[in-house]
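Only one structure is covered here, and it is reproduced in the block below.
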Amino acid sequence: MTEWRALSNADVVDLAIRLHSLEWSWELDDAPKLVADFGWTLNRTLDESVTFDSGFGRSTGTVSLAGRPGMISTQITAYADDGATCITDAFAGMAVALVNAIGEPTVRVPGKYPEIRWAGTQTTLVLKSLRVTLKLDLVTNAWLAAHDQIVDLEKQGLI
């Protein structure tokens, strides 16, 4: 494996502050401008999503408006081996940096794929570990509620 890369804690904080304060239309037609405004490279536009390079390779970011608005998902580390220490350490360091910059999270989701969430009135900022990479997402509260409902149904074995 080549040398593993991650955004610095300072860069994660800057990105988080920009995302958390973002006000935009949540319309697909506006997504390419959003991608450009953040300095990302647009890869493609589909019917209900846009993929971009967040700095870690092709399609390491997504603006998804499929079914319900919406989610902006940005990969903030390169891929690592499943369960690699670098992922765990980066998650812990980034979490501390974000708490120091934007305050205590509203929710901490433990488990196989831990998340830390900062809820706003319309959107929620989410730092999450996917065990092989970390992502920083901005999701609408409606999107998050639907997502959490699906996760709960999966846990109950209903879907």
Neighbour-limited loop hits for GluC sites (Glu not before Pro), the range 1-64 (at most 13 other Cβ within 10 Å; DSSP other than H, G, I, E, B) | E3, E23, E27
Placing +1 at every Lys and Arg Cβ and -1 at every Asp and Glu Cβ, with all other atoms neutral, what dipole size does the range 41-112 have around its Cα centre, in debye to the nearest 20?
-> 140
Among 49-61, 89-101, how do they line up from the highest to the lowest mean number of other beta-carbon atoms within 10 Å?
-> 49-61, 89-101
Mean Cβ count within 10 Å, highest first, over the residues of peptides 35-45, 9-19, 71-81 = 71-81, 9-19, 35-45
Can you tell me the dipole magnitude for the range 1-73 around its Cα centre, using point charges on the Cβ only (Lys, Arg +1; Asp, Glu -1), in Debye to the nearest 20?
-> 200
Rounded to a whole number, what is D in µm²/s for the chain from Stokes-Einstein with the Kirkwood radius over alpha-carbon pairs (37 °C, 0.692 mPa s)?
-> 204
Rounded to 0.05, the calculated FRET efficiency for the beta carbons of T41 and D152 at R₀ = 41 Å is 0.70
HN-Hα J couplings of the range 73-83 from phi, Karplus 6.51/-1.76/1.60, θ = phi - 60°, integer Hz, Gly and Pro as x?
-> 10, 10, 6, 10, 9, 6, 6, 10, 5, 3, x
What residue among T85, H20, L98 has its Cα farthest toward the positive end of the dipole of the chain, where the charges are +1 on Lys, Arg and -1 on Asp, Glu, each on the Cβ?
-> T85
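FYI, it's all coordinate maths here, none of it is from the lab. These numbers were taken from a predicted model, which means no experiment stands behind them. Positions of Cβ are generated from backbone atoms using ideal geometry, with glycine treated the same way; all protein chains shown enter the neighbour counts.
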